[in-house]
Structure formats: C-alpha cells, structure tokens
Amino acid sequence: MAFLSTLTGIIGFGMGVPFGLLLGFYFFIYSKPKIVQEPITRRVSQLDNTALLNLLHDIPLWVKCPDYERVDWLNKIIADMWPYLNKAICASIRSMTEPMFAEYVGMFQIKTIAFENLSLGTIPPDIYGFKICETNENELVLEPAVRWAGNPNIVLVVKVLTFRITVQASRTHVVDMQILVAPRVTLKPLVPTIPCFANVSVSLLKRPEIDFGLNVLGGDLMSIPGVYHIIQRTIKMQIASLYLWPQSLEIPILDPSTVAINKPVGILHVKVVRAHKLLKMDFLGTSDPYVKLNLTGETLPAKKTSIKKRNLNPVWNEKFKLVVKDPESQVLQLEVFDWDKVGTHDRLGMQFVPLKLLTANETKEFKLDLLKHTFIADPYDKKPRGNIVIELTYAPFREESIKVDGIGDVLSRKESSLDRPSENSSEVLSGAGLLSVTVQGAEDVEGLRHNNPYAVIRFRGDKKKTKKIKKTRHPLWNEEFQFMLEEPPLNDTIRIQVMSRRKGIGFHSKECLGKLDINLTDVVHNGRINTKYHLMNSKNGKIHVDIKWTIV
C-alpha cells in the first residue's frame with residue numbers, strides 16, 4: 001500500500017509540473033496587461049479635515065524635537081499629591097460634562113445622564129521624559145511624555161424612558177485604562193505679573209495611545225470583534241481634531257486687561273491746517289506760535305510744527321503720522337505754544353480729540369476752540385484763546401498684513417495662501433506702512449576692556465539707542481523702535497551695532513562689540529522676521545532681532 005502511494009505521488013508530480021509550466025506559459029503569452037492609472041493628486045488646501053489629520057501623523061521627528069530628560073523628582077511630587085489631584089480633576093470633569101449631558105436629556109428618550117462613580121484610581125501618571133524648548137518668541141515651551149496605566153472607577157448611568165416607562169438604568173463602566181500621550185505645553189506670553197505667564201496652550205505632538213475596557217450591562221463591550229478598533233479609531237480622531245498639533249487647547253490664566261500689551265493697529269494721519277485769533281504774548285502784541293501733538297499712552301517725543309514768527313493767524317498745512325495702539329481709548333492732544341528765544345515757551349492753549357470719534361479711512365475736519373487746560377468746566381476759564389483747525393484720518397492696518405505668531409488653525413482652512421494667486425502682492429510692495437524693530441537681547445558679546453552693552457539702530461539717517469546694561473555679556477533689552485515709511489523698504493538695509501561704554505572721558509571709553517546689517521527685502525515679503533544673528537567682528541556674539549512690516 002505504501003509502494004502504491006509513493007508511485008501515485010511520483011506520477012502526479014511528473015504530470016503536474018509540465019501541465020503547470022504549459023498553463024503558465026499560456027497566461028504569459030495571451031494575458032493582457034492592466035492599464036496602470038495615474039494616482040489622484042490634490043493640493044493640501046483641497047483636503048478635508050480627516051485627510052489632513054491622517055497626514056499630520058507623519059510629521060517628521062525633527063519637527064517635534066523629542067529630546068527628553070528624566071524628572072524623577074517631579075514624579076515623586078505627583079505621587080504624593082495624587083489623592084488630592086484625583087479629587088480636583090474629577091470635580092473639574094463633573095463641572096465640564098454637566099452642561100454637555102444636559103444637551104442630550106430629552107433626546108432619544110433619555111431621561112438623565114450622570115456619573116455614579118468618578119475616580120481616577122490610586123495609580124498616578126508617570127512622566128518618563130521632559131523637555132524644555134527654546135524659541136525666539138516670548139514664551140516657554142514644555143514637552144513632557146506621559147504614560148498612565150491606571151485603575152479608574154468611572155460609572156456613567158443613563159436612564160432611558162421608552163413608551164413613557166423607565167425600562168432600566170444602563171451602566172457603562174470604564175476599567176483598566178492605559179494612556180500614552182506626548183503633549184506640548186506653551187506658557188505665553190511671558191509677563192511681569194505673577195505667575196509670569198498669561199495663558200497656557202496645550203497641544204498633542206502625536207495621536208494619543210488609549211486602551212481601556214468598557215463594561216456594559218455586565219459584559220465587556222471591547223471584546224466584541226471590530227468594536228474595539230472602531231472605538232479606538234473614533235476616540236483618536238476626535239482628540240486629534242481638537243488638540244493634535246497645530247491645534248491647541250487655550251487656558252487663560254491672567255485677566256487680559258492686566259497683562260495687555262498694546263501693539264500698533266493703525267496710523268493716525270494729522271494735518272495741522274491753521275489757527276485763528278491766538279493770544280498776544282510778545283511785547284509787540286504778536287506771538288510766534290507752533291503746535292505740539294501726541295497721543296496719550298505714548299512715551300515717544302511729541303511731534304512739532306514749524307514756528308510762525310509774529311503771526312496770530314498762522315497757516316501751517318503740515319502733515320504728521322502717529323502710531324495708534326488703541327483707537328477706543330487713546331486721545332490726540334494738541335498744544336499751541338508761543339516760541340521764546342530765552343526761557344520757557346508760553347502755552348497759548350490746548351485741545352484734545354478722542355480717536356473713537358473717527359471712522360476708519362474717512363477724513364474728518366475739526367475746528368476746536370483752544371482751552372487753558374483740560375478742565376472744561378472751569379468757571380474762571382472764560383478768556384477766548386482762539387481756535388485751531390485740523391484734519392484727522394485713522395487708517396487701520398490691513399488684516400492680511402498682520403502675520404500670526406505660529407501656524408494657527410490650519411485644519412479649518414480650505415484655502416492656502418501659498419496656493420492663492422498673489423492678488424495683494426502689488427499692494428504689499430507699494431504704499432505706506434510701519435517698520436517695527438524689536439531688539440530682544442544679545443549673547444556672548446565680549447569687549448576687550450569693558451562690557452556695558454547697548455544697541456544702536458541706524459536706518460535712513462535715523463539713529464536710535466537701547467538702554468545700557470552694565471557688566472554683562474548677555475544683555476536683555478526687549479526694546480521696540482518704530483519707523484513710519486511712505487513706501488516699503490525693499491532696497492534698504494538696517495544696521496544694528498552692539499556698543500559698550502563706561503563713564504568718564506578717555507581713549508577707550510567707547511567700544512564696538514559687534515555689528516549686523518539686515519536686508520529688509522525678506523521682511524517686506526514675509527511680513528516678519530524673528531531670529532538670532534551672528535554679529536560681525538565678534539567671536540561668538542549673537543543678537544536676537546524681531547522685525548515686522550505692516551502695511552496701511
């Protein structure tokens with residue numbers, strides 16, 4: 001019997017091999033190749049949220065910078081505080097979910113939804129890595145890596161009313177939860193008010209790994225084939241759509257009014273036209289008037305008109321530009337003085353105009369009676385002091401020229417600025433605007449004889465200085481300088497020098513610690529450049545400069 005089986009196998013092999021080769025040769029000769037279709041490609045701006053989230057998962061590691069340090073001391077603190085943190089977190093979860101549950105009461109025959117038990121268990125999360133990232137922005141970036149294999153006790157009770165009869169209370173019990181998450185916590189902006197940051201921004205560098213059991217009516221729902229993967233995918237997609245970088249959760253810490261840092265929002269165009277019937281202050285019965293004008297809340301020097309000698313009805317027709325930071329609260333102050341060659345200049349009168357009276361991009365003329373001071377109801381101030389005529393135009397900056405710090409909510413965008421035609425390119429490259437130069441600080445500046453560094457900014461013949469920091473190689477200035485220009489500085493260069501000076505007069509009282517020339521073409525095209533530059537004529541010196549160009 002064994003011999004017969006062996007013989008049959010040999011015969012079958014001998015017949016099968018030629019037949020298989022013949023059949024393969026036939027399909028190779030007479031089969032038609034399939035037409036390979038071109039892959040469907042679309043621009044990123046045309047993708048929906050789901051497709052973008054799938055792409056974001058593949059962001060390279062060099063973008064996320066996962067360089068971590070051990071923080072056993074922090075885990076010890078969390079372990080000791082966990083019983084109290086557990087109660088505090090659970091109380092916050094209850095307060096946050098109550099209004100969410102209330103929206104579903106009455107829908108789908110639901111009567112009530114509430115937590116019967118809510119506890120995160122006795123096992124605290126473990127921070128197995130921690131990183132602090134340095135950026136050029138006014139912020140502090142923390143990147144902890146957190147894992148938690150806890151024993152929570154979360155029981156959610158849903159009472160359903162069917163045909164006006166309470167069928168039963170269905171119980172959902174979450175057990176054996178495991179979470180692996182890598183958040184990015186950003187403290188910004190840094191302010192001189194305790195706790196020294198105004199907001200906390202939390203985002204996830206990658207989709208979290210979440211595993212848990214779900215007991216429903218005594219059975220584990222996650223053991224049903226297919227249900228586990230569906231729930232896992234749904235939870236990850238929901239969390240990713242809300243908090244996956246560059247999306248973030250913003251948590252305000254300080255009242256915005258207490259830490260508000262007003263930034264320029266527009267330019268006030270002032271035309272001082274003329275004055276009429278001014279007071280006679282000179283011995284010969286005339287005056288030499290000029291006008292000073294400035295905005296409240298500014299520390300910049302006031303603008304001045306020319307002096308009109310021996311004239312009580314002067315005509316100036318001079319134009320000025322003032323940077324506006326808060327059009328709702330700022331006020332334009334006008335003061336008319338009589339110029340004297342010796343001694344102080346006598347004030348002929350004053351007036352003020354709240355900027356909230358102006359309509360954006362509309363010119364409005366004001367004829368103002370001059371007052372002795374700002375106390376209008378003064379019964380003793382009845383003496384006529386003449387009047388002044390001015391024209392005001394408030395021009396707010398265009399929204400497209402205000403660059404956002406960071407990437408922003410790219411998942412909600414349906415259009416990309418890179419894919420749109422540059423419809424505003426001609427406007428960006430022409431017209432007036434504001435050039436803001438912020439000198440943040442310097443590093444490793446070293447003088448041969450002394451280190452009392454300060455920065456000097458030279459632009460179009462204008463010279464500005466920062467304050468002097470004594471006896472340091474790492475000065476922090478954080479000072480902003482503004483230049484109002486009639487056209488973009490496409491072909492201009494700004495020079496920044498780091499100087500050192502000591503008291504006294506001598507050959508070595510002043511010393512150059514390094515210099516830098518910055519071409520402003522990229523600033524005009526990009527709207528902003530915020531980076532650190534190596535200083536020329538310095539061994540290791542660097543300077544941190546933030547330059548913005550905002551069009552009107």
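Surface calculation, 1.4 Å probe, protein heavy atoms: residue 112 sits at approximately 60 Å² accessible.
Full-extension gain between residue 341 and residue 519, please, as 0.36 nm times their residue separation minus the C-alpha to C-alpha distance.
Numbers: separation 178, 0.36 × 178 = 64.08 nm, distance 4.34 nm.
Contour length minus the Cα-Cα distance gives 59.7 nm.
A cut-off of 5 Å between modelled amide H atoms, ignoring neighbours fewer than 5 places along the same chain, links residue 441 with 477, 478, 544.
What do you get for trypsin sites (Lys or Arg not before Pro) in the stretch 486-552 restricted to DSSP loop and a cutoff of at most 15 other Cβ within 10 Å of the site's Cβ?
Values: sites: 495, 501, 502, 503, 510, 515, 528, 532, 539, 542, 548; in loops: 502, 503, 539.
Loop-located and lightly packed - 503, 539.
Near the amide H of residue 286, within less than 5 Å, lie the amide hydrogens of 281, all on another chain or at least 5 residues away, with H placed in the peptide plane. With 0.36 nm allotted per residue and the present C-alpha distance subtracted, the residue 134-residue 230 stretch has 30.7 nm of extension available. Using the 1.4 Å probe convention, the accessible area of the stretch 433-551 works out to 52 Å² per residue with neighbouring protein chains retained.
Based on protein heavy atoms only, the stretch 266-314 ends up with 54 Å² per residue of surface accessible to a 1.4 Å probe.
Can you sort 26, 84 by solvent-accessible area, 1.4 Å probe, largest first?
Details: 26 125, 84 165 Å².
Most to least solvent-accessible, the answer reads 84, 26.
Heavy-atom accessible surface of the stretch 68-147, averaged per residue, reaches 67 Å², computed with a 1.4 Å probe.
Rounded to the nearest 20, the size of the Cβ-charge dipole of the stretch 433-551 about its Cα centre is 860 debye, with Lys and Arg at +1 and Asp and Glu at -1. Given R0 = 22 Å, the distance between the Cβ atoms of residue 389 and residue 487 translates into a calculated FRET efficiency of 0.15. Close amide H pairs (under 5 Å, H built 1.01 Å from N) link residue 197 with 191, residues at least 5 positions away or on another chain. Applied to the stretch 191-205, the Karplus parametrisation 6.51 cos²θ - 1.76 cosθ + 1.60 on θ = phi - 60° returns per-residue 3J(HN,Hα) values of 9, x, 9, 4, x, 6, 8, 8, 9, 10, 10, 10, 9, 9, 6 Hz, with x for Gly and Pro. Label-to-label distance, residue 26 versus residue 89, with points set 7 angstrom from Cα along the beta-carbon direction: 6.8 nm.
With the whole protein complex present, residue 474 retains an accessible surface near 100 Å², based on a 1.4 Å probe.
The values are calculated or read from the model by the stated rules, or taken from the named source; none is laboratory data. Everything quoted here is computed from the prediction, not taken from an experiment. Note: ideal-geometry Cβ built from the backbone for every residue, glycine included; neighbour counts use all protein chains shown. Surface accessibility is based on the protein's heavy atoms, side chains included, excluding ligands, DNA and RNA. Shrake-Rupley method; radii C 1.70, N 1.55, O 1.52, S 1.80 Å.
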